[in-house]
Every structure is written in structure tokens, then in C-alpha cells.
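Okay, structure first, notes after.
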Amino acid sequence: MMVSSSSPSSINQNLLVDWRSLHDNLIPINLTNFHPLKHDAVIAKTLSPEIVEELGIYVVSFDRPGYGESDPNPKRTVKSMALDIEELADQLGLGSKFYVIGFSMGGQVLWSCLKYIPHRVAGAGLLAPVVNYWWPGFPGNLSGEVYNQQLWQDQWAVRVAHYTPWLTYWWNTQKWFPSSSVAAHSTDILSPQDKELMAKFSGREKYMAQVRQQGEFESLHRDMIVGFGAWEFSPLDLENPFPNNEGSVHLWHGDEDWIVPVMLQRYIAQQLPWIHYHELPGAGHLFPHADGMSDTIIKAILTGGSSLARIIIFINCCAQVRQQGEFESLHRDMIVGFGAWEFSPLDLENPFPNNEGSVHLWHGDEDWIVPVMLQRYIAQQLPWIHYHELPGAGHLFPHADGMSDTIIKAILTGGSSLARMHDAVVAKRLSPEIVEDLRIYTVSFDRPGYGESDPNPKRTVKSMALDIEELADQLGLGSKFYVTGFSMGGQVLWSCLKYIPHRLAGAGLLAPAINYWWPGFPDNLSSEAYYQQLPQDQWAFRVAHYTPWLTHWWNTQKWFPASSIASLNLHILSSQDKELMAKRSERKKYVAQVRQQGEFESLHRDLNVGFGDWEFSPMDLENPFPNNEGSVHLWHGDEDLIVPVTLQRYIAQQLPWIHYHELPGTGHLFPHADGMCDSIIKAVLIGEK
């Protein structure tokens, strides 16, 4: 399926250079007379008319060779499909660039577009694209494991297509053995969500004969032969088609897809970090049919490119006071604002290199007038800008009660309004008076794989400290800065004390997570603390330490309870923690945003690194401040049921230069208690007890 902002020619039967025809169906703003079930074009079928009209787009779906009314291509290859799309786009007059979207087998075709016609692609969206188990680049154990998870009849179907393609038709029509369960639409391969969504396919049966009117050999079986055959390239070797961020490639996949294994999709996303990977918890193979999903997909793909985003702004520009006429007000705004600028804001330099002032940018993540994705990109390119993205806010957020006060305070005192999004307890709970009195700036950031920070498949204990150092340099924080971290974030601070102690002015560890396998712990002490945890948490830590490649599987399987910490089981909360949970009620709204890249690259990667084999033991660290030019503090509650206090006490005994603060009657969430963050910051910055 192709999407364009250019008005295409209306041709239904397109004659290609080799005299084959491709049948298209053009969907402009008016969706009448379009029969998406004939094309099985999920985006065209479920896209809301409002989005089509708002973005001013045209959607072109077409029958692939051998399907519907498109002529078969006995010589079809991986490459020929991309060239067919290019030629069809030219015949329809879609312009020099267009967007491409593909679902399932259609999604697999997009890899060939990214290989052979990247110069024609403005953006791409791969929706649960089918994976070829024989693509070079997959680790043998990974592709073998995933292949063997499929139903045995599907293993044979793709094996025949790969090794003996001339037998594909016979295998899928013989009666002695079950053939492909995918072709037969067996419910055994449908996830719970897929079975619910099948109701939306109720009218599909009427068109199945028309879709495969030329027979299964030239449609479905040819798909299998090409898709699972020997490819001329591997998608894992592709280069970024948008090195200057002039477009984007997105890949969506459900973590409960039983047709296309999610594990291989994750590996592809790790190898191609320029792909925006969206893993959908609880979703199966048919997720594009879920309500609102198509709108989300189109917005992500189209607003990631600059040209279409500018058109949207242009159309939705708000009228101002126009007593002198629209030409000298609104029209002049448009001429100047969307004309040829003498400079690009992305090339601006920090006007406050010595932190004598600050520049802030606020934007709502539901702003339908000015696209938030471009704003995010500007903020990434200009790291000296304090970017505040407001969840749930639209274009008129400055009119919200109290918003103006927040804006003025932030500009004058450097306060951050991002605390809730980053779940940064100190930045969130710190009083404005302390911020102003101590003249501090608080920087919270998404760790790799969380929020909008790219994942790091090669993350180690050391790499996190080096990331912090590099971020500080890009933000111009100076030669030294203070670091504070809570829970898993607190654990990261040990690596800062090991690898970048020369950059630290002080440190505060708040209930930092502990690795039971750190060298230096007496065996009886670490074992006693370990066995105080719930059995499911013991197993979660054990799997992360001894078999890290099974961490994601363990925490997503349904046979045994997974980590109680990840699920926020109330059994691991102290009495005080349960009281403080009320202050975290709004957090639920942000959990999906925090883990938008999936738990594998966020929480599960944390487990693997945090509880894996460390290159050093915190108990062997030396005092980073031998002349008392700074200090390291560690706070811990004596009723913390998540991180055992006994091991924290032992660390404090071994490192007497640490200022250890044990808090009677408190649990793991003590930083959320009233006034606690003020006390922490005062202790770290000025040594106040």
C-alpha cells in the first residue's frame, strides 16, 4: 500500500513495461465506493476519514502479482516487487517520493523497497512483516529456536518453499499431511486478541474467491516461494535510507503474535537501530485491525517527515486579531513563517554557554496542529534546550490553570516540568524554594530503551556511566556535576563512582538495587537476603544472572509467576510504601510511554545488566573525594521489602567514606515522602544533615 500527498491519476489497470498489469484502488479523501476487503488493505479499511482529510493524503492499495486482477509474474523475485511498485507509482503520478506500508507478507515486501528503491521512499511502516528464517545474519540458535516454536505443519510448509520450491503447490494441496495452517486460517495460530479481531473479517469470505481468482499457485504459493526462498540480500544488512532524518522507518509487532515470531523482529530492530521499533504488549498478528491503530500508524509515519508535517501546520493555522485585514496579519504570517528562511533553527548555538540563562520549549503530545515529533527532533538536535513534553495536552495548553505560573518559574529558576514523564522522583518532589535557593538545574533522562531513548543491545555496567558523561558534555553541564539515582537508577551510580569519578561533584544513592552475586558479600549474608525475597523474584534474578537470554521469555510466560517487582505486587510493599502509592497514582498514565519500546529493551535489559556478572564490585571502590571536596550519600529504609537493608548495611561498613542514612519505619518508596527530596538534595549539595 502506498500513501501520497500528491493527487494521483485515476487508473485501475496499469500496464507495466513487461506487458503485465497491476490493478490498483485509489482512495482519496472521499472513501465511498472503496471495497477494502477485495484488496484486504487493512490501513485503507480502518483509517478514519478525519485522518485522511486532515493530512490530505491519498491511499493506493494494489493487488500483488497473481492476486485479484493483477497478472501473475512467474519470474517474480524479491527485487521485481520493488520495481513494480516504483513503476506503478510513476504511472499514477505519485511524485518523486511516496510512503509505503505493508502488513504481514506485504510487510515483507517493504524490505525490498528499502533495498532497491530507497530514493523513492519518503517513509515506511512495516506491520508484523513476515520473517524468513534463512536470512543471513540471524544467530543460528535464535532462528532455530523460533522456527521450532511453529506448528510442525508450518515448519514443513516453509521448509518445502525454501529447499524444494517446485513442490510447494503439491505440498499445500496434498491430503496425506496437514499443510500450512496460515493458509487454512487455523484458529490454533491466533492469539486471544486475534480471535477477538476476527469478527471484523466477517465480510472477507465473499471476496476470497476474487482475491485468489487466478489460483493459489500464482498468489499464496508464489508468495511462499519468494518470501522464504534464498534472498539476494539480508534486511539485517540494510543501511539507513534517511541519514539526515528526512524520513523514518517504523516497525510494529505484537508480543503475542503466534504467526510471525516476535523474537526475530526484536533482533532485526537491534541490528538496525535507525528503525523505530514499536512492540505492542498483548497484541497478536492482526493488531492493525484494532480500533484506532491505523490512525496511530499513519500519524507516526507521516509526521516523522518534515514536508507533510509543515502542510498540516499550514492548514490548521489559528486566526488572530485581524482588524487590519487578513493579508497583513494571517497571510503575512504564512508568507514569512513558511517561506525560505535565512537560517535553520536546528543550526542555532546555545546563547547561554555558561548557564547564565536558559531556553525552554513546551509542547503537548496530543497537539494536532503542530506535530510533536518534529518538536522532539528539534530538541534532540539542540540539547541545550530544556524540552518539556506535556502528556495529554493539545495546542492550547498555555490556557490551562496554573500553566503560566509553571512556565515562568521554569524560565526564571530552571525548574523542570518533565518529572512525571521520566518518573524522576527528586525532580518531581523537589520544592521550588530549594531549586531557587540553591540555583540548581535538574536533568532527568530516559535510560536506554525507556521512553524515547534508543535501546542499547550492547549495554553494560560501564556503558551507562559513559552515556551519562557524554550527555553531560552535550548539555554543557561543566567539568563536574551531581548525580542522584533511585532503585535501579541508584544501582547505576556505582558505575559512575567506578568509571567517571573525576566528573562527580557529589552523589546520592536512594535505595539502590543490589546484585546478590557481587564479590565481597559473605555467602551466608547474601544467601539469607536472597531467600527473603518472594520465590518468583528469586527465579527472576536467577534467570537474569545465569541465563540472560531467557529473561524476556521468563517474564512473559504464563505458567509460573514472573517478577513481582515488574507487576508492582502489593506483597512487596511495606506499610509506608502502600501509603505513598497514592502519590504515584498518576504514574499509570505514563507507564505505556515509559515502556513504549517494549519491556525487553527496558525492564528486562535492566535485569540482565543489573543482576549479571559485573566487571567490579562496589565494595572495592575507593573514595572519589579523598580531600572532602564532595560526598557520597546512601539512603535506605529499614522496612524495604524490595531491596534488603542487611546488604546495604554491609556495603556501608565496607565503604566508611559513604554517608549512610538508614531511615526507621520506611520502605522502598521513601523518596516520595513529603520533604524527603529537599533533605536529600541539601545533604548532597551542601552537606546539611
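The values are calculated or read from the model by the stated rules, or taken from the named source; none is laboratory data. What you see is a predicted model; the values in this text were computed from it and never measured. So basically every Cβ, Gly included, is an ideal-geometry build from the backbone, and we count neighbours across all protein chains shown. Accessible surface is based on the protein model in full, side chains and every heavy atom, while ligands, DNA and RNA are left aside. Shrake-Rupley method; radii C 1.70, N 1.55, O 1.52, S 1.80 Å.
One residue stands out among those in the range 146-163 that are at pLDDT 85 or above and open to solvent by 80 Å² or more (accessible area, probe 1.4 Å): the one that is nearest to Pro261 (Cα to Cα), which is Asn148.
Scanning for something at pLDDT below 85 and touching an Asp or Glu at 6+ places or on another chain (Cβ under 8 Å), does the range 127-144 turn up at least one residue? No, the range 127-144 contains no residue that is at pLDDT below 85 and touching an Asp or Glu at 6+ places or on another chain (Cβ under 8 Å).
Restricting the range 610-623 to residues that are of a type outside the set (Asp, Glu) and touching a His at 6+ places or on another chain (Cβ under 8 Å) leaves a set whose member that is farthest from Pro548 (Cα to Cα) is Phe611.
Would the range 465-485 turn up any residue that is of a type in the set (Phe, Trp, Tyr) and part of a strand (DSSP E or B)? Yes, the range 465-485 contains a residue that is of a type in the set (Phe, Trp, Tyr) and part of a strand (DSSP E or B). Once the range 164-204 is narrowed to residues that are basic (Lys, Arg) and part of a loop (DSSP other than H, G, I, E, B), the residue that is modelled with the highest pLDDT is Lys175. Within the range 63-93, the residues that satisfy the criterion of being of a type in the set (D, E, K, R) and surrounded by fewer than 20 Cβ atoms within 10 Å (Cβ to Cβ) are Glu69, Asp71, Lys75, Arg76, Lys79, Glu86, Glu87, Asp90.
To keep it simple, each residue is scored yes or no on (1) open to solvent by 40 Å² or more (accessible area, probe 1.4 Å); (2) under 26 Å from Pro353 (Cβ atoms); (3) within 23 Å of the chain's Cα centre (by Cα).
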site	(1), (2), (3)
Arg447	yes, no, yes
Asp454	yes, no, yes
Arg459	no, no, yes
Met464	no, no, yes
Asp467	yes, yes, yes
Glu470	yes, yes, yes
Leu477	yes, yes, no
Thr484	yes, yes, no
Ser487	no, no, yes
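For the range 279-302, a residue qualifies if it is surrounded by fewer than 19 Cβ atoms within 10 Å (Cβ to Cβ), farther than 26 Å from Asp188 by Cβ and either modelled with pLDDT of 85 or more or not hydrophobic (A, V, I, L, M, F, W, C) (or both), and the qualifying residues are Gly292, Asp295, Thr296, Lys299.
When every residue of the range 228-239 is checked against the conditions, at least one turns out to be touching a helix residue (DSSP H, G or I) at 6+ places or on another chain (Cβ under 9 Å), surrounded by 13 or more Cβ atoms within 10 Å (Cβ to Cβ), modelled with pLDDT of 85 or more and part of a helix (DSSP H, G or I). Ala122 meets the conditions (1) surrounded by 21 or more Cβ atoms within 10 Å (Cβ to Cβ); (2) modelled with pLDDT of 85 or more; (3) out of contact with any Lys or Arg (no Cβ under 6 Å at 6 or more places or on another chain) in every case but one. The failed one is (3).
Of all residues in the range 66-125, those being within 29 Å of the chain's Cα centre (by Cα), within 19 Å of Pro241 (Cβ to Cβ) and of a type in the set (S, T, N, Q) number 2. A single entry from Ser112, Ser96 fulfils the requirement of being touching a residue at least 12 places away in the same chain (Cβ under 8 Å), open to solvent by less than 10 Å² (accessible area, probe 1.4 Å) and among the hydroxyl-bearing types (Ser, Thr, Tyr): Ser112.
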